[in-house]
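Following: one structure in structure tokens, then a few remarks.
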Amino acid sequence: MIPGTPRQEPPAAPKQPPPQTYYIPSTQATPPPAQQKQPETPYYAPSTQATPPPAPKAQTPPKPIVAKPSSEPAYDPKATWGSLTFSDGKQVTLAGERAVVGRYDHDLGGINPEVDLAPMQGAEAVSRVHAAFEHIGSSFTLTDLNSTNTTRVNGKRLEPDKPTPINDGDTLQFGKVTCTFKKT
């Protein structure tokens with residue numbers, strides 16, 4: 001040391017910025033800069049310098065929700081959502097948002113319900129347009145369409161033109177024709 005000259009200290013280690021986490025698709029082979037091996041600190045760095053915490057591993061982001069194009073229907077109109085099992089063992093499937101129950105009459109022409117009860121025993125008591133099933137979301141309703149010989153759910157007469165909720169296993173009666181409703 002020479003008197004009168006300023007004391008020289010070794011240069012301070014450059015301050016490193018905190019590590020940053022980057023999103024890197026899993027298809028790339030190189031890790032993000034925060035996960036690359038950091039150069040070793042020089043021999044003259046003070047030992048009191050804090051070491052940065054290890055960088056967290058990049059996670060794969062969750063898969064985004066994709067909306068259906070407006071040209072596609074929100075539901076499948078041909079998807080079966082229920083069935084009717086009649087006392088003689090015949091079974092009729094229900095599909096679409098609405099299914100009309102009635103009796104086809106070739107004399108009138110054109111009235112052809114989705115659920116035709118004409119071949120069933122006791123069909124003479126079924127109106128041509130007797131009742132309607134509706135399926136919206138997870139709920140099911142049955143509406144009597146002002147039929148002559150009433151519609152019943154578990155023995156209870158339905159009020160005309162008023163949708164009534166129905167459940168899996170309910171017994172339905174259209175005039176004299178009886179069946180059981182099953183959800184699928």
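General remarks:
- Pairs meeting the criteria (first residue in region 151-163 and under 12 Å from ALA132 (Cβ atoms), second residue at pLDDT 95 or above and of a type in the set (D, E, K, R), beta carbons under 6 Å, at least 6 apart or on different chains) are THR151/ASP144; LEU158/ASP144; PRO160/ASP144.
One line per residue, one yes/no per condition, for (1) in contact with a Pro (Cβ under 8 Å, 6 or more places away or on another chain); (2) part of a loop (DSSP other than H, G, I, E, B); (3) of a type in the set (A, V, I, L, M):
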| site | (1), (2), (3) |
| --- | --- |
| LEU84 | no, no, yes |
| ASP88 | no, yes, no |
| THR93 | no, no, no |
| ASN112 | no, yes, no |
| GLN121 | no, yes, no |
| ALA131 | no, no, yes |
| SER147 | yes, yes, no |
| ASN167 | no, yes, no |
| LYS182 | no, no, no |
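- Within region 116-136, residues that are at positive phi have Cβ atoms under 6 Å from residues that are part of a loop (DSSP other than H, G, I, E, B) in these pairs: GLY122/LYS176, counting only partners at least 6 apart in sequence or on another chain.
- Residues within region 127-184 that are surrounded by 14 or more Cβ atoms within 10 Å (Cβ to Cβ) and among the acidic types (Asp, Glu), tallied: 3
- If the condition is being under 30 Å from the mean Cα position of the chain (by Cα) and over 18 Å from GLY82 (Cα atoms), then region 155-184 contributes only LYS162.
- Filter pass, ARG152 being among the charged types (D, E, K, R) and over 33 Å from the mean Cα position of the chain (by Cα): no
The values are calculated or read from the model by the stated rules, or taken from the named source; none is laboratory data. Owing to the predicted nature of the structure, the values given are computational and were not obtained by experimental measurement. Here the Cβ is made from the backbone with ideal geometry for all residues, glycine too, and neighbour counts use every protein chain on show.
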